[in-house]
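Notes to accompany the following structure.
The values are calculated or read from the model by the stated rules, or taken from the named source; none is laboratory data. Just so it is clear, the structure is predicted and the values come from calculations on it, not from any experiment. Cβ placement follows ideal geometry from the backbone for every residue including glycine, while neighbour counts extend to all protein chains displayed. SASA here: full protein model, heavy atoms, side chains in, ligands and nucleic acids out. Shrake-Rupley method; radii C 1.70, N 1.55, O 1.52, S 1.80 Å.
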There are 2 protein chains.
Amino acid sequence: MDDVMADATGQIINFYERDYGVRLTRQDLQNLHQREDALAAHREKIRKYPFEKGFFRTLLPLQDSQQVMEALNLKYEVFIVSAAVEFPLSLHEKLEWLEEHFAFLHWKQFVFCGNKAVVHGDIMIDDLGRNLDSFTGQKILFTAPHNHHVRQNGYTRVDSWLQVASHLL
Amino acid sequence: MDDVMADATGQIINFYERDYGVRLTRQDLQNLHQREDALAAHREKIRKYPFEKGFFRTLLPLQDSQQVMEALNLKYEVFIVSAAVEFPLSLHEKLEWLEEHFAFLHWKQFVFCGNKAVVHGDIMIDDLGRNLDSFTGQKILFTAPHNHHVRQNGYTRVDSWLQVASHLL
């Protein structure tokens with residue numbers, strides 16, 4: 001979900017501006033793990049944003065995610081697998097968010113887990129190499145600020161939902 | 001979780017007594033789907049109990065479940081897979097319940113899903129034939145009032161956690 005269906009990075013930018021009056025760019029967040037500057041001093045606070053009430057409930061869907069997912073859902077057996085258990089408040093928020101923004105999906109298609117190694121399937125779209133690495137099917141890496149540096153060993157990289165559509169539809 | 005780790009049947013008996021002043025037996029619940037009597041008239045209400053706030057949070061662990069699970073967790077890679085998404089309130093309640101009663105487990109071991117067909121593994125312990133049927137590994141049916149009538153086609157049936165221990169430890 002996060003940074004694949006939902007714009008978690010955009011929410012972090014908004015929360016940071018609320019707290020520090022500075023609007024970061026996506027490039028700033030891409031560099032976050034390397035920087036030794038003012039932004040790095042706030043790194044811990046940024047990492048706590050997902051534990052804040054409302055963080056997940058008010059995310060915006062990523063561009064074209066709804067339309068492409070609706071088409072995928074007609075062609076494939078789709079499951080939404082989210083590593084949600086780390087953020088206890090997120091469970092209910094994510095469920096409500098899916099019901100609002102992806103109303104064509106059924107709750108039977110949702111999986112909230114701590115470790116995606118337990119799921120199996122034919123194709124996985126994810127923003128994290130560690131989730132793709134434990135998956136035995138086709139691995140699609142969805143570009144996000146935190147994975148620009150990830151080598152594409154065995155992954156197909158996509159930068160947008162239109163690229164997902166061109167691969168899978 | 002329900003009727004394997006947590007005594008959901010016991011909770012239904014308690015809620016029914018609270019509402020109707022009658023203490024059902026487990027045999028009554030076993031017969032529920034066949035009966036055309038006063039109990040059957042309350043069937044819909046009984047089915048709604050799991051949607052009630054607090055239902056899952058206040059369940060009691062089934063006898064010996066904690067001790068045997070703790071030992072299993074040392075020998076196996078254990079995941080707790082619960083069809084929780086049907087009951088939105090249950091997500092957070094089940095997470096808190098596991099943290100209270102099975103504190104030796106880590107949240108990375110929890111999976112809350114709508115359909116267990118998406119999980120894979122070597123051994124599944126479940127109270128529902130439909131969950132076991134979509135599983136490719138060893139299938140263990142944990143006896144509960146609603147599965148007494150289920151034929152053991154390909155399942156190993158266990159009646160208690162001590163029987164789980166004798167099979168797996």
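Answer rounded, prolate or oblate for the stretch A:123-168, using the Cα gyration tensor with square roots of eigenvalues a ≥ b ≥ c: rounded when a/c is under 1.5, else prolate when a/b is larger than b/c, else oblate.
oblate
Inter-copy label distances for B:R47: 4.8 nm (label point placed 7 Å from Cα along Cα→Cβ; shortest first). Taking B:D126, B:D28, B:D19 in turn, the Gaussian network model of chain B (Cα-Cα springs below 10 Å) assigns the largest fluctuation to B:D19.
Averaging the Cα positions of each part gives two centres, and for the stretch B:74-99 and the stretch B:123-145 these lie 16 Å apart.
For Cα pairs less than 8 Å apart in space and 6+ apart in sequence, what is the mean separation divided by the residue count of chain A, i.e. the relative contact order in percent?
Values: 208 pairs, mean separation 37.4, N = 169.
Reported relative contact order: 22 percent.
Only Lys, Arg, Asp and Glu carry charge here, each on its Cβ (+1 for the first two, -1 for the last two); on that basis chain A has a dipole of about 280 debye about its Cα centre. The C-alpha atoms of the stretch B:101-153 occupy a region whose extents along the principal axes are 34, 24, 20 Å, arranged from largest to smallest.
Pairs of lysine residues in chain A that meet both criteria, 8 or more places apart or on different chains and Cα atoms under 15 Å apart, total 4.
Need one value for A:76-87: mean number of C-beta atoms belonging to other chains within 10 Å of its residues' C-beta atoms. Provide the component values of the computation, followed by the final result.
Numbers: counts 0, 3, 0, 5, 2, 3, 1, 2, 5, 10, 2, 1.
So the per-residue partner count for this stretch is 3.
On average, how many beta carbons from a partner chain sit within 10 Å of the beta carbon of a residue in B:100-113? Before the final figure, lay out the partial values.
Values: counts 0, 0, 0, 0, 0, 1, 3, 9, 8, 5, 7, 10, 10, 12.
That average works out to 5.
Taking the convex hull of the alpha carbon positions in the protein assembly as shown and averaging its projected area over all directions gives 19.5 nm². Label positions at A:H146 and B:L169, each projected 7 Å from the Cα along the C-beta direction, are separated by 3.8 nm.
Taking label points 7 Å from Cα along the Cα-to-Cβ direction, A:D122 and B:L60 give a separation of 4.8 nm. Taking A:P50, A:P88, A:P61 as the candidate residues, the one with maximal mean-square fluctuation in a Gaussian network model of chain A, Cα springs under 10 Å, is A:P88. B:E52 contributes an accessible area of around 60 Å² to the protein surface, as traced by a 1.4 Å probe with all chains present. At the residue level, B:S160 shows approximately 40 square angstrom of accessible surface with a 1.4 angstrom probe and all protein chains present.
Express the Stokes-Einstein translational diffusion coefficient of the stretch B:19-113 in µm² s⁻¹, to the nearest whole number, given a Kirkwood radius over alpha-carbon pairs, 37 °C and a viscosity of 0.692 mPa s.
My calculation gives 211 µm²/s for D.
Modelled spin labels at B:V22 and A:L162, positioned 7 Å past Cα toward Cβ, are 6.5 nm from each other. Loop exposure criterion: chymotrypsin sites (Phe, Trp or Tyr not before Pro), DSSP state outside H, G, I, E and B, at most 14 other Cβ atoms within 10 Å. Applied to chain A, the longest stretch between such sites is A:1-75. Taken along its three principal axes, the alpha carbon spread of the stretch A:76-169 comes to 34, 29, 25 Å, from the longest extent down to the shortest. Computed over the alpha-carbon pairs of chain B, the distance histogram in 5 Å steps reads 1, 8, 16, 21, 21, 17, 10, 4, 1, 0 percent, short to long.
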